Amino acid sequence: MADRVTVIGWDGSPLTAAARSALAAATLVAGAAHHLALPEVPARAERVRLGSVDLAARRIAGHRGTAVVLADGDPGFFGVVRALRAPEHGLEVEVVPAVSSVAAAFARAGMPWDDARIVVAHQRTLRRAVNVCRAHPKVAVLTSPGAGPAELALLLDGIHRTFVICEELGTAREQVTVVTSDKAADHAWRDPNVVLVIGGIGGIGGGSTGGWLMGHDTPATRGWALPADDTGGHAGQDATLRAAQLARLGPREGDLVWDIGCAGGAFSVDAARFGAAVIAVDGDPDACARTEAAARAAGVQLQAVPGRAPHVLERLPEPDVVRIGGGGVPVVTACSDRRPERIVAHAATRDEAEAIGAALADGGYQVECALLQTVGLDPADWTERDRSVVFLLSGRRA
């Protein structure tokens, strides 16, 4: 194993004294081509192109001498430090950090970033990264080949955002471009790049004062599945049913939720408050307008799509979880064909529940059904105010 391993971050500025000292003593230097071309890299040192971090880590582990790994930005922030310290390599490293590419990108844009979400987009995680961009007004995307600005823009179809695209930060070829998302797909962008995806509620400047938790804003209202008078006045189905549906779907960051038959937006807003991206669908344009108003009042992002299911669903991006508020078996079948992880629906009669349950099972889902009965009581005299009885059906993809 190497006697000493130092990981040096590089942001284009002159290397620190600590970094120069570590490089001067190095007998092996690993990095990208532009790192290995730095004048501070000793001519006598073995040079390793840092393509696969795992391969480089094995070379370093077998090296007898002093090793240095050069990486862009802060190597401890979505960087090589995690891979080098993995148990299979057993490397103990010293880190000389630099300004992260995300910090540099926001600095170029002149924007605060303590309220930003930060995601890594690979081809396998691109869809989830896009869902975060749908759900939040300020997102920094660390891109990769095949998951860059053009691909982000294509998957954000129908959602307007501003892209601040920072190419090759810290190098002589650095370029910062501001475009709308609909224009980003028409250009070939250089790697590496960072994309700031800005738009929607609070995107450009954020609040006048900083928060206390990075990337998050504590909801003004405590709780979820609240009665209409506690959620900005938006109407919706019974709060107990909504709570049970949310519990079975478990919407989360990176998910895309379809809310079919959104009515007044109660479920859509709740799902968005969990950090999920939401597409709210309703055949009534007024219902879509109410849902958008409810989202604005709650300070969350969502997309309302007017149209009648199941036909309108054909042009929507792939969902992770789906709530079906109406439409019966045809809508259930159309949703199961898209293979979301979970689907919930409800029915007023046993015959309707059996039909929906059979459609879910035919679609390859494990089905659960519960009969929910809620009785609202007036605590002043304990008299009954309202009563609701409904079948709750949930499907989990087998």
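The values are calculated or read from the model by the stated rules, or taken from the named source; none is laboratory data. In this text the structure is predicted, and so the values were computed from the model without any measurement. Virtual Cβ from ideal backbone geometry, glycine too; neighbours counted across all protein chains shown. Quick note on the areas: whole protein, heavy atoms, side chains included, nothing else; ligands and nucleic acids left out. Shrake-Rupley method; radii C 1.70, N 1.55, O 1.52, S 1.80 Å.
Per-structure values
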| item | result |
| --- | --- |
| Filter result for the condition that a residue is free of Cβ contacts under 8 Å to residues at least 60 places away in the same chain and on the phi < 0 side of the Ramachandran plot, over 61, 25, 19, 67 | 25 |
| Residue check for residue 70: open to solvent by less than 30 Å² (accessible area, probe 1.4 Å) and part of a loop (DSSP other than H, G, I, E, B) | no |
| Any chance residue 396 is basic (Lys, Arg) and either under 28 Å from the mean Cα position of the chain (by Cα) or outside any strand (DSSP E or B) (or both) | yes |
| Count of region 30-53 residues which are touching a Leu at 6+ places or on another chain (Cβ under 9 Å) and more than 25 Å from residue 145 (Cβ to Cβ) | 5 |
| Filter result (assigned to a helix (DSSP H, G or I) and open to solvent by 70 Å² or more (accessible area, probe 1.4 Å)) within region 28-53 | 34 |
| Residue in region 4-15 that is open to solvent by less than 40 Å² (accessible area, probe 1.4 Å), among the aromatic types (Phe, Trp, Tyr) and either in a strand (DSSP E or B) or under 25 Å from residue 191 (Cβ atoms) (or both) present | yes |
| Some residue of region 89-97 being modelled with pLDDT of 95 or more and in contact with a Lys or Arg (Cβ under 6 Å, 6 or more places away or on another chain) | no |
| Subset of region 73-95 [surrounded by fewer than 13 Cβ atoms within 10 Å (Cβ to Cβ) and of a type outside the set (Gly, Ala, Ser)] | 82, 87, 88, 92, 94 |
| Residue list for region 304-339, restricted to those being touching a Lys or Arg at 6+ places or on another chain (Cβ under 7 Å) and either crowded, with 21+ Cβ neighbours inside 10 Å or among the acidic types (Asp, Glu) (or both) | 318, 319, 321 |
| Sole exception among (1) over 16 Å from the mean Cα position of the chain (by Cα); (2) part of a helix (DSSP H, G or I); (3) not hydrophobic (A, V, I, L, M, F, W, C) for residue 127, by number | (1) |
| Of all residues making up region 177-202, the number that are part of a strand (DSSP E or B), of a type in the set (A, V, I, L, M, F, W, C) and surrounded by fewer than 16 Cβ atoms within 10 Å (Cβ to Cβ) | 1 |
| Pick from region 18-54, criterion of a type in the set (Ser, Thr, Tyr) and at pLDDT 95 or above, ranking: farthest from residue 68 (Cα to Cα) | 21 |
| The lone exception for residue 351 - which of (1) open to solvent by 20 Å² or more (accessible area, probe 1.4 Å); (2) more than 23 Å from residue 389 (Cα to Cα); (3) of a type outside the set (A, V, I, L, M) it fails | (2) |
| Residue 65 vs. criteria in contact with a Lys or Arg (Cβ under 9 Å, 6 or more places away or on another chain), at pLDDT 90 or above and small (Gly, Ala, Ser) | yes |
| Some residue of region 165-172 being assigned to a strand (DSSP E or B), over 24 Å from residue 256 (Cβ atoms), at pLDDT 95 or above and in contact with a Leu (Cβ under 9 Å, 6 or more places away or on another chain) | yes |
| Some residue of region 237-257 being closer than 26 Å to residue 129 by Cβ and touching a His at 6+ places or on another chain (Cβ under 7 Å) | no |
| Filtered residues of region 212-226 (kept if surrounded by 11 or more Cβ atoms within 10 Å (Cβ to Cβ) and either of a type in the set (A, V, I, L, M) or modelled with pLDDT of 75 or more (or both)) | 214, 215, 219, 221, 223, 224, 225, 226 |
| Residue check, residue 141 touching a Cys at 6+ places or on another chain (Cβ under 8 Å), part of a strand (DSSP E or B) and open to solvent by 40 Å² or more (accessible area, probe 1.4 Å) | no |
